[in-house]
Amino acid sequence: MISDVLDALDGYVARNGYGKSLAAVLTVVSIVSFVSALFGTTWLRAVVAFLMLVAVVLFVLLGIAERRKLHSRIELDADTINRYVQFIGQRSPFTIRSWTQVVSIGRTGDVSIRREMTLSHADDTEPHFLRANASYYGTARLTDSMKRRVNVEVYRRNPADGDRGTRVHRTYSWSTTTSGKPSMDVVVHLDGGIEEGEVVIVEWDWPRYSEDLRSARSTELFDVVFRRPVDDFRYEIRLQHCGGVTPVIARRGQIDVSGKWEDKEYVVRFEQSNPAVGVAVGVVIDMNPGRRK
């Protein structure tokens, strides 16, 4: 019987909208409560107040359930699209001329990631797809709530534009890397042809991404592996508010690495020309409090 009532409420909300349904119920219950306050007894007023509370709770729960169901449906659709793109994207004729990423890490471990990819010319009118991912190497288990706090935006900028660029449609899904770490996989949908030198910008805002590193609980790996040819790349990690601690850097792979203080930030850079496809390179950073500037 309760399930029938919930189904009926769900159907009513779907037809009339959550806000209107809630307003209608509150209006009816308020009128009944007002009438009972004038002419009713104490127990009747208590019953009406209880019914009003139950109605509010039911609508709140229905709203939460509906939002989660819609979010799950969107995630499922995005995951399906991304799986198909893995095969469609292999036909894309463009190449990545240069790849640049800047990771800015705040005092509490909140991270902003900005990745710029300069593309080659593609004069056909078919839609193209560009994949980008960011993996989490921390020790905390990412819950669904933590994943929802991660925000990603994508922009497309023509060579003649001097501004940030226009937003581009993107889909994303979550997967697990070969090392068992969660990864946000983004697919950038590029409509039409691509001009020589056109830039695609992917920006992540990831709360507590480097919390383990900034609290000195553990080291953190910053690496990159390319699945398609890239002419050259540059990777930059900017550690803000280090408190005089000089990070310890360990190189992974044949790359040029540098680390230096720039005002109150410690900046680590590494780069390489014509990196091998499928080979990971990067650095491991340790915020050892025993090392000071």
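Every number in this text was worked out from the coordinates using simple rules, so none of it is lab data. Note that this is a predicted model, so its numbers are computed, not measured. Don't worry about glycine lacking a Cβ; one is built from the backbone with ideal geometry, like all the others, and counts go over all protein chains shown.
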- [ ] Go ahead and run the numbers for FRET between SER120 and ASP286, Cβ-Cβ distance against an R0 of 25 Å, rounding to 0.05.
- [x] 0.05
Task: Cα-projected label distance for GLU265 with HIS241, points at 7 Å along beta-carbon direction, nm - done: 1.5
- [ ] Specify which residue in the list TYR209, THR143, VAL186 is farthest towards the positive end of the charge dipole of region 136-225, using unit charges on the beta carbon of Lys, Arg (+1) and Asp, Glu (-1), about the Cα centre.
- [x] THR143
TODO: Calculate one ³J(HN,Hα) per residue across region 139-152 by plugging θ = phi - 60° into the Karplus curve 6.51 cos²θ - 1.76 cosθ + 1.60, and present them in order as whole Hz with x for glycine and proline.
DONE: 8, 6, 7, 6, 7, 4, 5, 5, 5, 5, 7, 7, 10, 9
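VAL57 to ALA24: extension gain in nm, 0.36 nm per residue of separation minus the Cα-Cα distance? Don't jump to the answer; show the numbers that get you there.
Numbers: separation 33, 0.36 × 33 = 11.88 nm, distance 1.46 nm.
Here the segment from VAL57 to ALA24 would lengthen by 10.4 nm.
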- [ ] Using only the alpha carbons of region 111-193, determine the length spanned along each of the three principal axes and report them from longest to shortest in whole angstroms.
- [x] 43, 25, 18
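Need the full-extension length gain, PHE34 to THR176, defined as separation in residues times 0.36 nm minus the C-alpha distance. One decimal, nm.
On the way: separation 142, 0.36 × 142 = 51.12 nm, distance 5.67 nm.
Here the segment from PHE34 to THR176 would lengthen by 45.4 nm.
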Task: Added length on full extension, which subtracts the Cα-Cα distance from 0.36 nm per residue, ARG227 to ARG167 - done: 19.1 nm
Task: Interchain or long-range residues, amide H under 5 Å from GLU265's placed H - done: none
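Mind giving me the FRET efficiency for SER273 and ARG141? R0 is 35 Å, r the Cβ-Cβ distance, nearest 0.05 is fine.
On the way: r = 38 Å, r/R0 = 1.08.
Computed FRET efficiency for SER273 and ARG141 comes out at 0.40.
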- [ ] Take the alpha-carbon centre of region 246-276, take the same for region 214-242, and report the distance between them in whole Å.
- [x] 8
TODO: List the residues whose amide H sits under 5 Å from the amide H of VAL245, counting only those 5 or more places along or on another chain, with H placed 1.01 Å from N in the peptide plane.
DONE: LYS293
